[in-house]
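The values are calculated or read from the model by the stated rules, or taken from the named source; none is laboratory data. This one's a predicted model, so the numbers in the text were calculated from it and none came from an experiment. Every residue, glycine among them, receives a Cβ derived from its backbone with ideal geometry; neighbour counts consider all protein chains shown. All accessible areas refer to the heavy atoms of the entire protein, side chains included, with ligands and DNA or RNA removed. Shrake-Rupley method; radii C 1.70, N 1.55, O 1.52, S 1.80 Å.
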Amino acid sequence: MRGAPRTFTIFVGLYLVFLYAPVLLLPIFAFNDSAIIAFPLRGFTLDWFIGLASETTLIVSVQNSLLVAIVAAVLSTCLGVLASRASARFDYPGKKPIMSFLMLPLVLPEIIVGVSLLIVLVQLGVSLNVWTVILGHVLICMPFSIAILLSAFNNMDRNLEEASLDLGANRRETFFKIILPLVMPGIISSLLISFTISLDEFIIAFFLTGTDTTLPVYIWSQLRFPSKLPGVMALGFIMLILSLILLTAGEYFRKKSARLASTETTLNKDADHG
Amino acid sequence: MAKSTESPMVEINAVSKSFGDVRAVDGVDAVIREGEFFSLLGPSGCGKTTLLRLISGFEHPDDGHIVIAGQNMDQVEPNHRPTNLVFQSYAIFPHLNVEENVAYGLKRNGVSKDEIAEQVNEMLTLVDLSGYNKRPAYALSGGQRQRVALARALIMKPKVLLLDEPLSALDRKLREQMQIELRGLQRTVGITFILVTHDQEEALTMSDRIAVMFDGNIAQLATPQELYSRPKTRRIASFIGVMNFVEGTLRKVTAKTLEVEAGPFGKVTMAPDQMPAPLEPGAVTVGIRPEMLTVLFSAKEKAEIEVTGVITNTAYFGDMTYYSVQIDGIDEDVTVSMRNTAGRRVLAVGEETRIGLGRESLIILS
Ligand SMILES: Nc1ncnc2c1ncn2[C@@H]1O[C@H](COP(=O)(O)OP(=O)(O)O)[C@@H](O)[C@H]1O
Ligand SMILES: [Mg+2]
């Protein structure tokens with residue numbers, strides 16, 4: 001019995017080292033004054049960050065990535081709102097299988113999604129560009145959007161909607177004045193998380209990108225040139241920080257959405273005597 | 001019956017509603033009059049909420065029709081009905097403050113800003129919440145939420161206000177205070193109120209008329225006094241207050257009298273109105289309320305009908321004492337309530353006593 005917690009501690013320790021040690025190397029070498037990625041460290045420099053600004057292909061790929069991530073996040077959230085609202089509020093034949101299908105990309109290997117989309121698009125004669133990447137990204141972001149939004153819609157007290165109708169509002173007004181504001185934290189959370197997923201997605205982008213490279217594809221292409229490695233490290237560091245900020249904000253809004261809904265549900269429990 | 005008139009406001013005609021196999025409302029007929037305080041009283045699950053939702057338009061009847069203020073509601077959506085509903089959960093919009101909640105229904109009627117502000121303040125005063133305009137919804141207590149829900153509905157000036165167990169979430173003291181306030185409010189505004197409750201005391205103290213519901217049906221629709229003194233069935237009688245039951249036999253029914261053998265009370269002749277629901281001669285239940293039974297303390301005290309029993313339990317409430325009395329020929333102990341007037345002593349468990357009653361206080365039930 002005494003041994004168990006200790007083994008467990010060691011296991012957790014090793015796990016954390018393997019998970020985060022490589023990530024810690026990013027900032028270390030991003031600021032290291034040497035073109036070679038190796039210890040010992042030579043000195044502090046910001047040159048790698050400054051150098052990034054003059055890489056035109058990098059700047060184009062950042063623009064592509066931002067476009068893809070923004071459009072994919074908006075589309076996936078809009079579609080997520082429709083699917084979640086329908087599923088939370090209405091019963092229709094085949095609801096369960098349809099929802100499972102929408103969630104499927106969550107467990108489907110991305111390489112399969114990427115390859116099959118590529119084959120279909122090529123067969124249809126569609127040329128590959130940012131829009132084909134957006135298509136692929138909407139597909140993989142949707143399950144996340146739906147998971148977040150479904151809980152936001154399900155947490156909303158149905159009586160609030162009915163109260164609005166009862167007070168003379170029609171369905172459209174009710175949606176915009178009551179439902180939307182109440183699920184807004186969920187929507188923002190879905191936007192942020194989809195944006196983050198799309199921004200650093202590589203496999204699907206790699207298959208569908210054509211000549212409009214996205215940032216992760218650009219990074220991959222740079223790995224062949226050892227002299228570019230410190231610059232990639234600097235870029236990776238920037239993306240890491242950006243992702244952390246976005247995910248934290250996304251989580252904040254997801255929790256806020258759960259809180260907003262729960263003030264109502266606790267009251268319902270009090271009231272549910274009769 | 002302050003402003004209640006005889007003209008019908010809500011007519012429920014043979015309305016039924018099922019959810020899958022559950023017949024939540026099963027062929028209900030009722031007429032609710034203009035300006036009356038009407039209660040739907042019944043145990044949990046008997047279909048009260050469903051009937052209220054049928055009236056407000058959130059459910060559609062499988063069969064039958066609902067007519068409000070002379071207009072058939074078959075094709076009318078909730079937002080176009082002259083009704084407003086106070087939800088059991090109050091359904092206060094959590095992202096709006098008190099003022100915005102109350103004004104919600106007015107905004108689309110093209111009412112001017114000043115007019116809205118004036119009406120909102122008027123309503124908040126009416127429900128005793130003046131000055132709470134900017135208070136956010138999450139900062140309201142249960143009682144305040146209830147008042148906001150009331151104000152939000154009343155500002156619409158509905159023909160009928162529907163209230164689904166509006167007091168059940170409040171603690172006892174606040175509930176009793178709100179019962180009085182709600183009744184007063186109804187008299188002030190003169191709107192027809194339909195209140196759903198599972199609390200018989202609440203229904204008795206507040207209503208002009210009460211419909212008692214069991215299993216999706218209205219078992220009896222009557223005034224509180226009638227319901228209490230002339231319940232039609234044993235089930236209604238035991239749901240409204242406390243009633244003692246004696247197995248008996250109805251011997252003879254004539255136009256002027258009823259002859260009953262009422263167990264230990266012996267052979268009794270009663271008036272026809274002591275049998276609220278017409279019954280054929282045969283086995284019946286005879287009922288009597290605890291306050292209609294009297295403990296005869298001394299030999300001098302006499303009653304029309306007298307029996308002897310043994311005290312098995314006493315419950316002392318200060319103003320009242322409740323006795324359980326075991327009487328030969330009655331299966332369950334009989335409950336007797338006595339007012340503790342000056343000089344009257346409280347009997348001890350095990351004492352033998354005489355119990356008296358008048359024959360006009362008995363009723364015959366199915
Ligand atoms: N939306 C619904 N779906 C399925 N069954 C329901 C629904 N609403 C009510 N019921 C059922 O109908 C019956 C009556 O419910 P309700 O009207 O809520 O009763 P009450 O308000 O008197 O407690 C109950 O058995 C309940 O389970
Ligand atoms: Mg109910």
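Considering only the stretch B:12-20, I want to know if a residue exists there that is of a type in the set (Phe, Trp, Tyr), in contact with a helix residue (DSSP H, G or I) (Cβ under 7 Å, 6 or more places away or on another chain), open to solvent by 10 Å² or more (accessible area, probe 1.4 Å) and in the same structural domain as residue B:205 (by TED's automatic domain parsing). No: the stretch B:12-20 contains no residue that is of a type in the set (Phe, Trp, Tyr), in contact with a helix residue (DSSP H, G or I) (Cβ under 7 Å, 6 or more places away or on another chain), open to solvent by 10 Å² or more (accessible area, probe 1.4 Å) and in the same structural domain as residue B:205 (by TED's automatic domain parsing). Residues that are among the charged types (D, E, K, R), more than 15 Å from residue A:205 (Cβ to Cβ) and either at pLDDT 90 or above or assigned to a helix (DSSP H, G or I) (or both): does the stretch A:95-118 have at least one? For the stretch A:95-118, residues among the charged types (D, E, K, R), more than 15 Å from residue A:205 (Cβ to Cβ) and either at pLDDT 90 or above or assigned to a helix (DSSP H, G or I) (or both): present. Look at (1) among the aliphatic types (A, V, I, L, M); (2) more than 14 Å from chain A (Cβ to nearest Cβ); (3) open to solvent by 10 Å² or more (accessible area, probe 1.4 Å) and you find that residue B:28 fails only one, number (3). Restricting attention to the stretch B:70-113 and to residues that are of a type in the set (D, E, K, R) and more than 8 Å from chain A (Cβ to nearest Cβ), the residue that is surrounded by the most Cβ atoms within 10 Å (Cβ to Cβ) turns out to be B:81. Return the only residue of B:39, B:44 being touching a Lys or Arg at 6+ places or on another chain (Cβ under 9 Å), in the same structural domain as residue B:150 (by TED's automatic domain parsing) and within 16 Å of ligand 2 (Cβ to nearest atom). Being touching a Lys or Arg at 6+ places or on another chain (Cβ under 9 Å), in the same structural domain as residue B:150 (by TED's automatic domain parsing) and within 16 Å of ligand 2 (Cβ to nearest atom) holds for just one of B:39, B:44, which is B:39. Among the residues of the stretch B:9-50, the ones that are free of Cβ contacts under 8 Å to residues at least 40 places away in the same chain and more than 15 Å from ligand 1 (Cβ to nearest atom) come to 1 in all. In the condition set (1) in contact (Cβ under 8 Å) with a residue 60 or more places away in the chain; (2) more than 16 Å from ligand 2 (Cβ to nearest atom); (3) in contact with a strand residue (DSSP E or B) (Cβ under 7 Å, 6 or more places away or on another chain), residue B:162 is compliant with all but (2).
Helices (runs of 4 or more DSSP H) fully within the stretch B:156-262 that include at least 3 residues being under 24 Å from residue B:81 (Cα atoms): B:172-189.
Scanning the stretch B:3-25 for residues that are within 14 Å of chain A (Cβ to nearest Cβ) and away from ligand 2 (no atom under 16 Å from the Cβ) turns up just one, B:20. Residues considered: B:361, B:298, B:324. Of these, the only one that is in contact with a Lys or Arg (Cβ under 8 Å, 6 or more places away or on another chain) and polar (S, T, N, Q) is B:361.
Yes/no matrix, rows are residues, columns are (1) modelled with pLDDT under 80; (2) within 14 Å of chain B (Cβ to nearest Cβ); (3) closer than 17 Å to residue A:148 by Cβ; (4) touching a His at 6+ places or on another chain (Cβ under 6 Å):
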{"site": "A:231", "(1), (2), (3), (4)": "no, no, no, no"}
{"site": "A:234", "(1), (2), (3), (4)": "no, no, no, no"}
{"site": "A:238", "(1), (2), (3), (4)": "no, no, no, no"}
{"site": "A:242", "(1), (2), (3), (4)": "no, no, no, no"}
{"site": "A:245", "(1), (2), (3), (4)": "no, no, no, no"}
{"site": "A:257", "(1), (2), (3), (4)": "yes, yes, yes, no"}
{"site": "A:262", "(1), (2), (3), (4)": "yes, yes, yes, no"}
{"site": "A:268", "(1), (2), (3), (4)": "yes, yes, no, no"}
{"site": "A:271", "(1), (2), (3), (4)": "yes, yes, no, no"}
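Looking only at the stretch A:140-185, residues that are at the interface with another protein chain (Cβ under 7 Å from one of its Cβ atoms), hydrophobic (A, V, I, L, M, F, W, C) and in a helix (DSSP H, G or I) come to 5 in all. For the stretch A:152-192, a residue qualifies if it is surrounded by fewer than 19 Cβ atoms within 10 Å (Cβ to Cβ) and over 20 Å from residue B:84 (Cα atoms), and the qualifying residues are A:154, A:176, A:180, A:181, A:184. Evaluate the following for residue B:162: is it within 12 Å of chain A (Cβ to nearest Cβ), at negative phi and crowded, with 23+ Cβ neighbours inside 10 Å? For residue B:162, the condition - within 12 Å of chain A (Cβ to nearest Cβ), at negative phi and crowded, with 23+ Cβ neighbours inside 10 Å - is met.
Of the strands (runs of 3 or more DSSP E) entirely within the stretch B:282-366, those holding at least 1 residues that are among the charged types (D, E, K, R) occupy B:305-316, B:334-339, B:352-357.
For every residue, the table says whether it meets (1) more than 14 Å from chain A (Cβ to nearest Cβ); (2) open to solvent by 60 Å² or more (accessible area, probe 1.4 Å); (3) in contact (Cβ under 8 Å) with a residue 24 or more places away in the chain; (4) more than 16 Å from ligand 2 (Cβ to nearest atom).
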residue	(1), (2), (3), (4)
B:179	yes, no, yes, yes
B:182	yes, no, yes, yes
B:196	no, no, yes, no
B:211	yes, no, yes, no
B:225	yes, yes, no, yes
B:246	yes, no, yes, yes
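Yes or no, residue by residue, for (1) polar (S, T, N, Q); (2) open to solvent by 30 Å² or more (accessible area, probe 1.4 Å):
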| position | (1), (2) |
| --- | --- |
| B:279 | no, yes |
| B:296 | no, no |
| B:306 | no, yes |
| B:309 | no, no |
| B:313 | yes, yes |
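When restricted to residues that are within 16 Å of ligand 1 (Cβ to nearest atom) and either touching a residue at least 60 places away in the same chain (Cβ under 8 Å) or under 15 Å from residue B:156 (Cβ atoms) (or both), the stretch B:54-88 contains 8. When A:221, A:194 are checked against the criterion of being in a helix (DSSP H, G or I) and in contact with a His (Cβ under 9 Å, 6 or more places away or on another chain), A:194 stands alone in meeting it.
With respect to (1) within 30 Å of residue B:160 (Cβ to Cβ); (2) of a type outside the set (Gly, Ala, Ser); (3) open to solvent by less than 40 Å² (accessible area, probe 1.4 Å), the lone exception for residue A:196 is condition (1). When the residues of the stretch B:56-69 are filtered to those that are surrounded by 20 or more Cβ atoms within 10 Å (Cβ to Cβ) and under 13 Å from residue B:8 (Cβ atoms), the one that is farthest from the other protein chains (Cβ to nearest Cβ) is B:66.
Scanning for something of a type in the set (Lys, Arg) and buried (at least 16 other Cβ atoms within 10 Å of the Cβ), does the stretch B:137-151 turn up at least one residue? Yes - at least one qualifying residue is present in the stretch B:137-151.
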